[in-house]
Amino acid sequence: MAGYVIHIAVAQEFLRKNKENYNEEFIRGSILPDLTNDKSKTHYGKSPAYTNLKKFLLENELSNNLNRGKFIHLITDYLFYNYYLDKFSKEYIYDDYDKSNKKLLEKYNIKILEEVKNSVFYKTGEMKILTYPLIYRLIDEISDLNLEQVKEEIMQDNKKWNYYKKII
């Protein structure tokens, strides 16, 4: 899973680019799948790296902001693991999130929701897996996606949305 701050940045940028006002339900949806101990249920696969987007769409409508936020969360995790990351280490990834949080909060003017306020940490030092150009690219490209178009591609079994890279 991408970190909370990355998920919120993607959601806020998506709203900004689509000229939508800040929508707390959409933002809440963008972090909700990670607010559980059993992520296999909220990611519709054995882990966030193996998110099953089609299963989510078969069980949920995109007719409300909370579900749209969950969908962008799941898209972010799916793309994060299968297209953006070249390597993975549980030992370092969470540390990298903590090291990138302060800069991302400032760059994207992120509003941290109460639900995760005590789970966002700030560290200094060099990141081991992530880089700022990679994080910025991920946030920019995912926030540019058209959710309805992605939904259509997933439902038509487009291979891009059915690929699982073995990184963990």
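The values are calculated or read from the model by the stated rules, or taken from the named source; none is laboratory data. The structure displayed is predicted, hence computed values, not measured ones. Cβ sites come from the backbone with ideal geometry, for glycine too, and all protein chains shown count toward neighbours.
Among the residues of the range 1-17, those that are modelled with pLDDT of 95 or more and not small (G, A, S) comprise Y4, V5, I6, H7, I8, V10, Q12, E13, F14, L15, R16, K17. Scoring I75 on the criteria (1) within 20 Å of F121 (Cβ to Cβ); (2) of a type in the set (V, I, T); (3) out of contact with any helix residue (DSSP H, G or I) (no Cβ under 6 Å at 6 or more places or on another chain) leaves a single failure, condition (1). Contact map, the range 110-123: first residue free of Cβ contacts under 8 Å to residues at least 12 places away in the same chain, second residue among the hydroxyl-bearing types (S, T, Y), Cβ cut-off under 7 Å, separation 6 or more or different chains; the map is empty.
Number of residues in the range 1-34 that are outside any helix (DSSP H, G or I) and in contact with a helix residue (DSSP H, G or I) (Cβ under 6 Å, 6 or more places away or on another chain): the value is 4.
In the range 106-154, the residue that is nearest to Y92 (Cα to Cα) out of those that are under 17 Å from the mean Cα position of the chain (by Cα) and of a type in the set (G, A, S) is S119. I72 meets the stated requirement of being β-branched (V, I, T) and under 19 Å from I154 (Cβ atoms).
Can you confirm whether the range 73-95 contains a residue that is charged (D, E, K, R), farther than 24 Å from E25 by Cβ and either at pLDDT 95 or above or under 16 Å from the mean Cα position of the chain (by Cα) (or both)? Yes, the range 73-95 has at least one match. For the range 38-54, the candidate set comprises residues that are without any contact (Cβ under 8 Å) to a residue 24 or more places away in the chain and among the charged types (D, E, K, R); within that set, the residue that is surrounded by the most Cβ atoms within 10 Å (Cβ to Cβ) is K46.
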